[in-house]
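S.K.: Take a look at the following structure, please.
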Amino acid sequence: MHIAADIGCHSFAIFDPFCIGHSILGYGMSLASTAGVSPMMARRTMALVGDGGFWHNGVVTGVQSALFNGDDVVLVILKNGYTAATGTQDIISTPDEQIKAAAVDKQQSLVAHNTTIEKTLQGLGVQWLRTVDSYGVGLMRDTLVEALTTDFAGLKVIIAEGECQLERQRRIKPWLAGQLSKGARVVRTRYGVDEDVCNGDHACIRLSGCPALTIKDNPDPLQLDPVATVTDGCVGCGLCGANAQAATLCPSFYRAEVVQNPTWYEKLLAGLRGAVLRLLQPA
């Protein structure tokens, strides 16, 4: 199957460990380029484009042409809310300041609140359209399979929705600092790897590519292979665990909630748990 990549931060996915993309023509040109490849392919071709590339060129040269010619292709739009590769410049589908101010949970992804891309595609006449959370790996896999095997012969669009993590962190860090300075209770999600369960094959690292997921020396002196570990750079997106579950890897990932400025009940509960764990430790 031919996958047409595009210009953007996602262009790095053509390299290891992902190796996704057989061609790159120009900014926003991935879908248009499939017109010259699809007739020679036994299977449906797929095009990847970011939301910046979509607005720059993709909607004009790609989507309109595919609809007009009835191309039987799959388009995946990586909707992170910004032109991220050149410094996260705002675009028409960026969550505006009103959306950011109105968000009850400041830590959530906010790109779902701006549906400009969806409305544009519907207005152009796209009939097969799905919006999927980028970090819901299992659902994303099932949606890709559906797009590649459906009887619908025409343009199929999957919007992979998830706010750029760099921009998300820039947005929530000042908010978290403000909450902590006021003494408010703050909960942050972190992921980790149980080194006693990790089998050391590192498939999770190859599938994820997350910079916070790396390796360290195996604590077992009888094992030569290093084990996977999650560094303090983890932003709690959950991609590592979702990959492990979707690909049926080892069950070594765990999710933890870090509570700052806890309530008296949480302090009491933590103390009781610590006491029980100390009693269970071997002498």
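Throughout, read-outs are computed from the coordinates displayed, never taken from laboratory work. Because the structure is predicted, anything quoted here is derived from the model rather than measured. With ideal geometry, Cβ positions are generated from the backbone for all residues, glycine too; neighbour counts draw on all protein chains shown.
S.K.: Check which residues have an amide H placed less than 5 Å from residue 163's amide H, if you skip close sequence neighbours.
M.R.: Residues meeting the criterion, in which the H sits 1.01 Å from N, are 110, 111.
S.K.: A further question follows. Around residue 17, under 14 Å between beta carbons, what's the net of Lys plus Arg minus Asp minus Glu among the other residues?
M.R.: Neighbourhood net charge equals -1.
S.K.: Given a Förster distance of 25 angstrom, what is the FRET efficiency for residue 223 paired with residue 246, based on the Cβ-Cβ distance and rounded to 0.05?
M.R.: Calculated value: 0.45.
S.K.: Then there is this: Compute the signed sum of charges (Lys and Arg +1, Asp and Glu -1) over the other residues within less than 14 Å, Cβ to Cβ, of residue 207.
M.R.: Within the 14 Å Cβ shell, the charges total 0.
S.K.: So, in nm, how far is label residue 169 from label residue 263 when the simple model puts each one 7 Å beyond its Cα toward the Cβ?
M.R.: Each label point lies 7 Å from its Cα, and together they span 3.1 nm.
S.K.: Between 263, 231, 115, which gets the highest mean-square fluctuation from a Gaussian network model of the chain, Cα cutoff 10 Å?
M.R.: 263
S.K.: Follow-up. If we restrict to alpha carbons, what Rg and Dmax does the chain come to, in Å?
M.R.: Looking at the chain, its Cα Rg and Dmax stand at 22.0, 75 Å.
S.K.: Looking at the P(r) of segment 138-283, how many percent of alpha-carbon pairs lie beyond 17 Å?
M.R.: 74 percent
S.K.: Taking the Cα centre of segment 3-167 as the origin and placing charges on Cβ (Lys, Arg +1; Asp, Glu -1), which of 125, 138, 55 is farthest toward the positive end of the dipole?
M.R.: My answer, from the dipole projection, is 125.
S.K.: Oh, and also: Run down the lysines and flag those whose C-alpha is under 23 Å from the C-alpha of residue 173, throwing out any fewer than 8 positions away in its chain.
M.R.: 79, 100, 106, 182
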